[in-house]
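Heads up, the thing below is written out as structure tokens.
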Amino acid sequence: MLSLAHSATGAYIATSIPNPFLAIPLIFLSHYLEDWIPHWDVGTGLSSGKRKKSTAIALELLDLALTVALIYWLWQSGSNTLNTSAWWGAFVGIVPDFMEAPRNFWKWEPGFLKPFNEVHGWFHHSTPNIAFGLAPQLITLIALFFLR
């Protein structure tokens with residue numbers, strides 16, 4: 001899934017469950033469950049050579065910029081105080097993807113990351129069909145908008 005969906009889910013969980021000892025495992029679990037749903041993301045086609053690394057990096061930077069704007073709009077705008085729960089929850093929501101980045105972009109995987117990346121790989125189901133792959137993410141974002 002896009003960082004947009006993972007981060008919004010993480011922010012929602014972190015702001016709904018103030019205890020980080022409960023929220024953090026749930027945010028990680030949500031990441032893997034969301035990746036289990038067939039989806040399109042900026043890395044789709046990277047391992048098969050259908051997408052260039054430079055294209056994936058440019059798309060991910062756009063995804064992250066949109067993510068920051070969305071988290072700000074949904075959980076921060078109109079408030080005079082920093083909503084730290086939303087921001088750390090959003091970050092934790094994309095940590096599994098950050099752990100895969102060295103392997104995906106530099107063909108380098110530190111040994112301590114290998115088991116985490118293998119678990120992530122078991123859950124990850126992407127599709128090259130953009131419309132089919134973005135639909136569950138759009139549904140997730142709309143649901144989170146109304147739930148928050």
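Which FRET efficiency value, to the nearest 0.05, is calculated for residue 53 and residue 123 with the Förster distance at 25 angstrom and r the Cβ-Cβ distance? The value I calculate is 0.60.
The distance separating the Cα centre of the stretch 23-64 from that of the stretch 134-148 comes to 17 Å. For the stretch 65-122, the orientation-averaged shadow of the C-alpha convex hull comes to 5.1 nm² (one quarter of the hull surface). In this structure, residue 64 and residue 19 have a Cβ-Cβ separation that, at R0 = 22 Å, corresponds to a calculated FRET efficiency of about 0.20. Derived value for the chain: Kirkwood hydrodynamic radius 15.7 Å. Basis is the mean of 1/r over every pair of different alpha-carbon atoms. Any chance you could give the angle, 0 to 90 degrees and rounded to 10, that helix 84-106 forms with the longest Cα principal axis of the chain? So the helix axis and the longest Cα principal axis differ by about 10 degrees.
For the chain, find the longest principal axis of its Cα atoms and tell me its angle to the long axis of helix 114-123, 0 to 90°, nearest 10. Helix 114-123 and the main axis of the chain meet at about 80 degrees. Between residue 126 and 39, the built amide H atoms are under 5 Å apart, and every one of these is 5 or more places off in sequence or on another chain.
Based on every Cα atom in the stretch 43-90, Rg and the maximum pairwise Cα distance Dmax equal 15.0, 46 Å.
Read-outs throughout are calculated quantities, based only on the coordinates presented, and are distinct from any laboratory measurement. Everything quoted here is computed from the prediction, not taken from an experiment. Methodologically, a virtual Cβ is constructed for each residue, glycine included, from the backbone with ideal geometry; neighbour enumeration extends over all protein chains shown.
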